[in-house]
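Here the structure is laid out as structure tokens; the discussion comes afterwards.
What follows is calculated from the coordinates using simple rules that are stated; it is not laboratory data. As the structure is a prediction and not an experimental result, all values here were calculated from the model. Don't worry about glycine lacking a Cβ; one is built from the backbone with ideal geometry, like all the others, and counts go over all protein chains shown.
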């Protein structure tokens, strides 16, 4: 038996009981309101948890990159939604190869994107499902109006190798009502145009406990971070620190002043993501400590408010602001139960940026 | 022959002519003012460039983690300075194993750290060189006064397996004069105490062209970023965009509005490091574009100021704010000369966080 405190640092710890509770709570909530769950694997990047999500009732998984889709298909996952515009010959070829062996569907938000897919799949033995991505307030990708969604859907329907799968959005955090209104207007526009709208998929962990609102218009929900939760989700009210399953284990390597402690986890372990927060993480053992600065390999803690101060050699756990990019920085993560190491697993889809 | 525009995106491009010019310029500047150069490999993480730096005249290399030291030792580098406090039994054992096969020296800023080293190396056949790290204004690790530096040096000298190697600092950017003053006072304190001070090592690319100032007190300079340069170094006045050798190649995947373009390089390609800057990078082909937002896989560009707008499918190069963590996000980088791919190399020390 290896206790987590015996692991070399920095390291990522995943509490298995917390992940299981987080997965079940979301699956139960989805079933209660009658919406399908299609978790985004970008948070964990592990076939281990993707399979568990499907076992618990998820209809399939969501991926953001072809590389992630390839890893998950290799691991036996069979129903994938790739929520990214696939552009260019190299990627279209890889998509075609994936489509030949699993159910994979994609998104498009422009005629250019649809044209590339249409040319690639024109002689496919079964059509490629394509969702129209809608910008419901995020200000990222997506068509800008319900009328534009109908117009692009018609282009998909007109392409021999493609099938119109529905509408997809990633709503801005906290703007679930605005997103639902947009999608409701889109549903009306499709009905008025006489175009069948097979599905509406939305997502986001910050508003996961408003899935009942989402379910009034959407048929599918794609949360990612909910499996681990993190400091940003605590700030959004979607979790408590006791729900947070991922921590970065670090060692106190310096105490240069009474108020300062330096740990061996910097931006290469915790990332520089702020997500609107002040500070870079929550220290489990020293909740009054503030992670005030990160350089690549150093984390700087202000410990002046701590009654008991960390000492050199102390091992601490930090809940990061954003857990998803953290799992992209470590080749392996450590699965923990009751403080003991259960298994160290490779982060199979880490670094699959293309 | 493969032109860089044919590579799948996102990808890291390294312009070999620019790296060579950057390396030579710094080596020449160091030789001119009579200071030894010991480049930090955390920027490139490649034995390929570490060897080139030594071939050009560097006295050895600097690493930040034991894992980086192990990779470089395996690749044949023989003189390493590890500028990080080594704490804990597991790491001390790895340090001892490295010391058995290469010249490796470390730093310490506390009696606790020195005690761990002393206990590990007490029966070493040759002593371990230990620098005292000094906090000359960075507010990170380091003893807080010249007197404390002398005191800690005495502890190192008193340990049978250790040898006092000198003083080490990483000065805050732009505060080279302050750091030099601190180190000058320390030199005086050592002289007054009758303690031999073998070397003073300092560094930092932001102030690299003030090496003449550094050379008045320091004997060695440890720049890292100078090999590639980046947007933060341009902002610091240490480089121009034409000196920047590392770019992230990205594809425009969406043009949702007249003023917005989305590329397939987000924080998992460019990192979220701001380093005090506004925006997340400089777009070579569209210098009037602003990289206004990053999510993990999307970069959001405001292209409203561009006379010619990017189109879907366009391939662009982005100079990141901070090149060092970018090379930690990619398994491979592409070495380019005159626009053509020379070689794709594994980033050997990527992810070596412990």
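Okay, here's what the table says:
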{"quantity": "Per-q log10 I(q)/I(0), the protein assembly as shown, q = 0.07 Å⁻¹ (Debye; single scatterer per alpha-carbon; no solvent)", "calculated": "-0.49"}
{"quantity": "Calculated [θ] (222 nm, deg cm²/dmol) that DSSP helices of n ≥ 4 give over chain B, each run adding -39,500 (n - 2.57)", "calculated": "-9000 deg cm²/dmol"}
{"quantity": "Euclidean distance between Cα centres, segment B:64-79 to segment A:158-219, Å", "calculated": "52 Å"}
{"quantity": "FRET efficiency, residue B:147 to residue B:178 (Cβ-Cβ, R0 22 Å, nearest 0.05)", "calculated": "0.80"}
{"quantity": "Spin-label model distance (nm) - residue B:33 vs residue B:288, 7 Å beyond Cα toward Cβ", "calculated": "4.0 nm"}
{"quantity": "Cα gyration tensor, segment A:241-319 - rounded (a/c under 1.5), prolate or oblate", "calculated": "rounded"}
{"quantity": "Three-way shape label, segment A:34-228, alpha-carbon gyration tensor, a/c 1.5", "calculated": "oblate"}
{"quantity": "Antiparallel DSSP beta bridges within the protein assembly as shown, percent to nearest 5", "calculated": "50 percent"}
{"quantity": "Cα gyration tensor shape for chain A, rounded if a/c is under 1.5, else prolate or oblate", "calculated": "prolate"}
{"quantity": "Likely footprinting exposure, A:56, B:77, fewest C-beta neighbours within 10 Å first", "calculated": "A:56, B:77"}
{"quantity": "Inter-label distance for residue B:122 and residue A:21, nm, one decimal - labels placed 7 Å from Cα along Cα-to-Cβ", "calculated": "4.5 nm"}
{"quantity": "Computed label-point distance, nm, for sites residue B:338 and residue A:59 using a 7 Å Cα→Cβ extension", "calculated": "5.6 nm"}
{"quantity": "C-alpha long axis of helix B:16-33 to longest principal axis of chain B, angle in °", "calculated": "30 degrees"}
{"quantity": "Computed over segment A:34-228: relative contact order in percent, which uses C-alpha pairs under 8 Å that are six or more apart", "calculated": "21 percent"}
{"quantity": "Sorted by Cβ neighbour density within 10 Å, fewest at the top, the residues B:114, B:195", "calculated": "B:195, B:114"}
{"quantity": "Relative contact order, percent, segment A:269-323 [alpha-carbon distance under 8 Å, six or more residues apart]", "calculated": "40 percent"}
{"quantity": "Label point 7 Å beyond Cα along the C-beta direction, distances from residue B:242 to other copies (nm, shortest first)", "calculated": "6.3"}
{"quantity": "Cα long-axis angle, helix A:146-158 against chain A (0 to 90 degrees, to the nearest 10)", "calculated": "60 degrees"}
{"quantity": "Sorted peptide list for B:15-21, A:149-155, criterion being average Cβ within 10 angstrom, highest first", "calculated": "A:149-155, B:15-21"}
{"quantity": "Chain A: angle of helix A:89-99 to the longest principal axis, Cα-based, in degrees nearest 10", "calculated": "90 degrees"}
{"quantity": "Förster radius 41 Å - calculated FRET efficiency between residue B:308 and residue A:242 (Cβ-Cβ, nearest 0.05)", "calculated": "0.20"}
{"quantity": "Ranked A:72, A:229, criterion: other C-beta atoms within 10 Å, fewest first", "calculated": "A:229, A:72"}
{"quantity": "For chain A: relative contact order, % (alpha-carbon pairs under 8 angstrom, 6 or more apart)", "calculated": "20 percent"}
